[in-house]
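Input: a single structure, listed below in structure tokens.
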Amino acid sequence: MPTGRCHICAFTLLSLFLQACSVNYSFTGASIPPEAKTIQINYFQNTASLVEPSLSQILTDALKDKFTSETSLIPVNQGGDLILEGRITDYATQPVAIQGNDQAALNRLTITIQVKYTNTVSEKDSYESSFSRYSDYSSSRNLSEVQEGLISEIVQWLVEDVFNKSVVNW
């Protein structure tokens, strides 16, 4: 067989093989079973001992935005093929860089969430896990001055962690 025909045959076989695969891939790296069409993201309650009132809504909205903007999943309120639920378990600030005079140079804001991900299409991909992220800020600043920016930064990292564990199978 001439070399050109071998390349065409090999390309055709490879194309057929790739079309037969049962996983959809996107440019974001998301790997979602083709049977999964919907996602249900429940409101994340704040059960931390220190409660920032807007954090639950910020986190829930950020998760919804990430999954709807970077996948073809349709958001639903009930009966989703993929279900994300959880709660905020910790919201704390503490000193982390103590100077020679026993005063902190930096403080750290830490947010921890507990997530339950249910994949009704592929149960083996379901999980329960805790995610925690933090950001440091100067002790010369009051938390209320920097809180909004810190929360935004930490939530972005948490959402990325949850997204990657849920639908990115590297």
Can you find a residue that is in a strand (DSSP E or B) and within 24 Å of Ser49 (Cα to Cα) anywhere in the range 69-76?
no
For the range 142-170, give me each residue that is crowded, with 17+ Cβ neighbours inside 10 Å and either in contact with a Lys or Arg (Cβ under 6 Å, 6 or more places away or on another chain) or in contact (Cβ under 8 Å) with a residue 60 or more places away in the chain (or both).
Gln147, Ile151, Ile154, Val155, Leu158, Val159, Val162, Phe163, Ser166, Val167
Given the conditions (1) in contact with a strand residue (DSSP E or B) (Cβ under 6 Å, 6 or more places away or on another chain); (2) modelled with pLDDT of 95 or more; (3) surrounded by 13 or more Cβ atoms within 10 Å (Cβ to Cβ); (4) under 22 Å from Tyr91 (Cα atoms), and given that Ser139 satisfies all but one, which numbered condition is not satisfied?
(2)
Assess whether Gly80 counts as being in contact (Cβ under 8 Å) with a residue 24 or more places away in the chain, surrounded by 14 or more Cβ atoms within 10 Å (Cβ to Cβ), part of a loop (DSSP other than H, G, I, E, B) and not polar (S, T, N, Q).
yes
Modelled with pLDDT of 95 or more, in contact with a strand residue (DSSP E or B) (Cβ under 6 Å, 6 or more places away or on another chain), in a strand (DSSP E or B) and surrounded by fewer than 18 Cβ atoms within 10 Å (Cβ to Cβ): which single residue out of Ala92, Ala105 fits that description?
Ala92
Could you say whether any residue in the range 98-108 is among the β-branched types (Val, Ile, Thr) and in contact (Cβ under 8 Å) with a residue 12 or more places away in the chain?
no
For the range 112-133, does any single residue satisfy the condition of being under 18 Å from Asp161 (Cβ atoms), among the aliphatic types (A, V, I, L, M) and in contact with a strand residue (DSSP E or B) (Cβ under 6 Å, 6 or more places away or on another chain)?
yes
Can you name every residue in the range 41-59 that is under 22 Å from Ile83 (Cα atoms), assigned to a loop (DSSP other than H, G, I, E, B) and in contact with a strand residue (DSSP E or B) (Cβ under 7 Å, 6 or more places away or on another chain)?
Asn42, Phe44, Thr47
In the range 108-135, what residues are modelled with pLDDT under 95 and acidic (Asp, Glu)?
Glu123, Asp125
Taking the range 126-141 and keeping residues in contact (Cβ under 8 Å) with a residue 40 or more places away in the chain and outside any loop (DSSP other than H, G, I, E, B) leaves Ser130, Ser132, Asp136
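The values are calculated or read from the model by the stated rules, or taken from the named source; none is laboratory data. Owing to the predicted nature of the structure, the values given are computational and were not obtained by experimental measurement. Backbone-built Cβ (ideal geometry, glycine too); neighbour counts: all protein chains shown.
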